[in-house]
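As structure tokens, the structure follows; a few thoughts come after it.
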């Protein structure tokens, strides 16, 4: 089964999720409707809601509630992107101007808040208190992780444990919450709920590692932002951590950690060194270990088209980048 | 019954609410704990959680859930203040430096998000889906109202209807949600739930009008910010709306609406004119009409110390300022 067919399994339902996301915004907030259109049209693979929907198919979830839950997860993700763009003062995302680039800052912050509230509202449509609690807990994990990064991010290279904790907070926590709540909604036995949570968790870890790898292997046109964008902002990701294991105290990286701003040519020289060092391949290998764990977690679940789709997705997440 | 004794009815429970608000923040987010301490120590009358607690006493609410609900309402309020201070770039609130003044902007935005998530989490502790939905809906109303104000705020004087809608979104919606959800938690019949909602709604309207009046009648030392702070920022509140009914096209106000920045002496001259015009007293009269409606709504409820406390609070809200 190819990845295309994996996502095609829930293709029509994803259309319903988009409709659900566009609906429900109070009519007289015309500006907000435009924002939502802008955000929804600017792409994204809808991987998170697809995972939620697949997780709901292992049992007997109410269809409308499964659409609301998938929309809630994608809306929460969208809201965090809106605020991230303000926090990072990012002007472009996925090649499109950000809300932050076109709106007053205050309005962008408030629009993000509105989307958080709408996400919570959609989660409440499941009428399941456990799901709702997981949802708000996940937002606490995401924000807490970002705060941690702001207060401890600069100045030194994170340990592998710190890196794992950071990408869990940033990405894997919402993947895990999505598959876990999907499983809860479909009324699965607890062991299978935890298996789907594990799957989402490990898939999310791999997904973020590969995203961090793409920051070094992609080119500016494809990334929609400069190569090594994280490194330029003092954010040390897995390829750099692994590179530094064999090449500690690299002078350019030391300068970045000291909040200096090296020339672009110096940055690109480090990128070349990292690419030549094998650190990128080593990072991809670690991502493969996570997808293997994700696939392993699925063994507790009945064999059906959704399980096979999830397995193929785990494969795709790694292979898209190599 | 004086206002002091009205709040004393729930004094011990409010201590529990504060403990609840300080708890639950993940231990390793040390910075966040400090922020919460800072925010909780910087005062506020805890009027919102007191109203929630009183509303829960008309029936048989679970005690721990009533504390969680009151904490959720105050936490939501606190989170909106944190973001408001970023949106307005305010450096001082209640005479204390804001988080915005001492932290990086990005961290302040994320801290607000974290507090929103924690508020949602506390609301979920009620395990009542209706309460949780009201909660997220209220946040949508608050943010939507602020966005409306940003996009339509400058340039012209709002109608009375627009002003009412704005102060409902800004203040009365959370008062109403607090008393309504308190009533739901205590299992009251629907008519009494709606009566307590009405009470909170009208009290909140009066509260905000009086806050807007204080902007003109207070002095800088008492307000902790310049007199006529809203007017200086182009926000036209009730005293100005009523003043303009008899004195349309006031040149200084016209200039403010055109986004010019008059001299302080010109602003203070307008303030004197407004004070002398009777517009302040007329605004207070309108607030009294709202508190009268709030008191009227209470008639559907059994006569008990909590109803009497709520009546005395409605009285206090107006009389504190005149």
For this session: Could you check residue B:61 against (1) surrounded by fewer than 21 Cβ atoms within 10 Å (Cβ to Cβ); (2) in contact with a helix residue (DSSP H, G or I) (Cβ under 7 Å, 6 or more places away or on another chain); (3) in a loop (DSSP other than H, G, I, E, B) and say which number it fails?
Result: (1)
Exercise. Only one of (1) away from chain A (no Cβ under 11 Å); (2) touching a residue at least 12 places away in the same chain (Cβ under 8 Å) fails for residue B:139. Which number is that?
Worked result: (1)
Exercise. Looking only at region A:235-263, which residues are over 23 Å from residue A:206 (Cβ atoms) and in a loop (DSSP other than H, G, I, E, B)?
Worked result: A:247, A:248, A:249, A:250, A:258, A:259, A:260, A:261, A:262, A:263
For this session: State whether the residues of region B:144-156 include one that is surrounded by fewer than 21 Cβ atoms within 10 Å (Cβ to Cβ), in contact (Cβ under 8 Å) with a residue 24 or more places away in the chain and away from every other protein chain (no Cβ under 12 Å).
Result: yes
Seminar exercise, completed: Those residues of region A:192-229 which are more than 15 Å from the chain's Cα centre (by Cα) and within 20 Å of residue A:149 (Cβ to Cβ) amount to A:216, A:225, A:226, A:228, A:229
Exercise. If only one of A:118, A:166 is more than 9 Å from chain B (Cβ to nearest Cβ) and surrounded by 19 or more Cβ atoms within 10 Å (Cβ to Cβ), which one is it?
Worked result: A:166
Exercise. For region A:64-95, what are the residues that are away from chain B (no Cβ under 13 Å) and either in a helix (DSSP H, G or I) or modelled with pLDDT of 85 or more (or both)?
Worked result: A:64, A:66, A:67, A:69, A:70, A:71, A:73, A:74, A:77, A:78
Exercise. Among (1) in contact (Cβ under 8 Å) with a residue 60 or more places away in the chain; (2) more than 9 Å from chain B (Cβ to nearest Cβ); (3) farther than 14 Å from residue B:117 by Cβ; (4) buried (at least 24 other Cβ atoms within 10 Å of the Cβ), which single condition is residue A:100 missing?
Worked result: (1)
For this session: Working carefully through the options A:299, A:320, A:232, find the one that is surrounded by fewer than 20 Cβ atoms within 10 Å (Cβ to Cβ) and farther than 20 Å from residue A:201 by Cβ.
Result: A:232
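The values are calculated or read from the model by the stated rules, or taken from the named source; none is laboratory data. All values derive from a computational prediction rather than experimental measurement. Cβ coordinates were reconstructed from backbone atoms using ideal geometry, including for glycine residues, and neighbour counts include every protein chain displayed.
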